[in-house]
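The values are calculated or read from the model by the stated rules, or taken from the named source; none is laboratory data. This is a predicted model, so every value here is computed, not measured. Positions of Cβ are backbone-derived with ideal geometry, glycine not excepted, and every protein chain shown enters the neighbour counts. Keep in mind that these areas ignore ligands, DNA and RNA; they rest on the heavy atoms of the full protein, side chains included. Shrake-Rupley method; radii C 1.70, N 1.55, O 1.52, S 1.80 Å.
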Amino acid sequence: MSLLLQHSFLLAAGRYYETWLAWTTMERQLRQIPQARSLFKRCYSRKLEEGGQLALAYEWLRFEREEGSAEDLFQATLKVDPIIEEANVAATAATNQPAAAAARAAANNAKKLSREEVKAMRRAHDPNFKERKPGTKRDQNGQEKDTSHAKRSKAKEAQPPPGDTDMAEARTAAPQDQPSTSQPVEPVLYTDQHTVFVKGLGFDVHEEDLRRLFSKLGVKSIRMGKDKFTGALRGFAYVDFDTDEAVQKASEQDGTVVNGRRLFIAKSAPPSGSGRG
């Protein structure tokens, strides 16, 4: 879109949530993911009509869950959390004045962390946190790329984004259908030798849906990514097969649409070291 057209467009309808949503949706449909992300960064702080700012904040988070990496989602969350928190305080104020005052005081007293402090916290508590190497940049899938443009294999892209500990836990989780016993169960260590990584799953997609998708390939097991605190699905999974041929055929289904969402499917890169992801 030309600069002159953009300027006229924003003068006419730039204060409406629907305007920005339509624009980001268009860029996304054209697979211009960096451009769509740039639009969200440009408009999320605008005071839009009829609660549009809050709606746009939630749209950005949904966009990063479906299209971005864990780092992209984390950065978006840092930016929109104050907007969501402010909206929650306002909603509480409409129904309960004492509770609103308490919530407002808690928000005002909460420590505001700088980017460096947030990074230090992640470095201290997240075993999968990785410093970005000098001379590298991230592509639209959140993976680091050398500025010399050296090619990376698709299997490398399938590795979990840095900072997502739930993906690492999914590699070592005990099978979901394993019965509980009175004795502690040792987690199974997966080598991912015959495994595909699937992301972009909607929260309404479950294990049985993936079994139907790969029904002709002989699924051995499926590990759904879940939040370690709430058990909620995280939108990714590891699917294990018995043969390389099955993995190849499963990878060829990359881009399949399930429940309205286009899936990313690729051979999972085997974890290094002790076998943990």
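Among 25-38, 65-78, the peptide with the highest mean count of other Cβ atoms within 10 Å heads the list, and the full ranking is 65-78, 25-38. Figure note: 247, 219, 257 ranked by solvent-accessible area, largest first, 1.4 Å probe, ligands and nucleic acids not counted: 257, 219, 247.
Solvent-accessible surface (1.4 Å probe) assigned to residue 224 amounts to roughly 20 Å². Other residues whose C-beta falls under 12 angstrom from the C-beta of residue 21 contribute a net charge of -1, scoring Lys and Arg +1 and Asp and Glu -1.
Structure note, pairs 47/119; 216/267; 79/119; 199/226: Cα-Cα distances above 19 angstrom occur for 47/119.
Using heavy atoms of the protein chains and a probe of 1.4 Å, the accessible area assigned to residue 192 is about 0 Å².
Compared with the direct C-alpha span, the chain from residue 62 to residue 124 gains 19.5 nm at full extension, assuming 0.36 nm per residue.
Sorting 194, 206 on solvent-accessible area from highest to lowest, probe radius 1.4 Å, gives 206, 194. The overall shape of region 11-78, judged from the alpha-carbon gyration tensor, is oblate: a/c is not under 1.5, and a/b is no greater than b/c. Near the amide H of residue 266, within less than 5 Å, lie the amide hydrogens of 197, all on another chain or at least 5 residues away, with H placed in the peptide plane.
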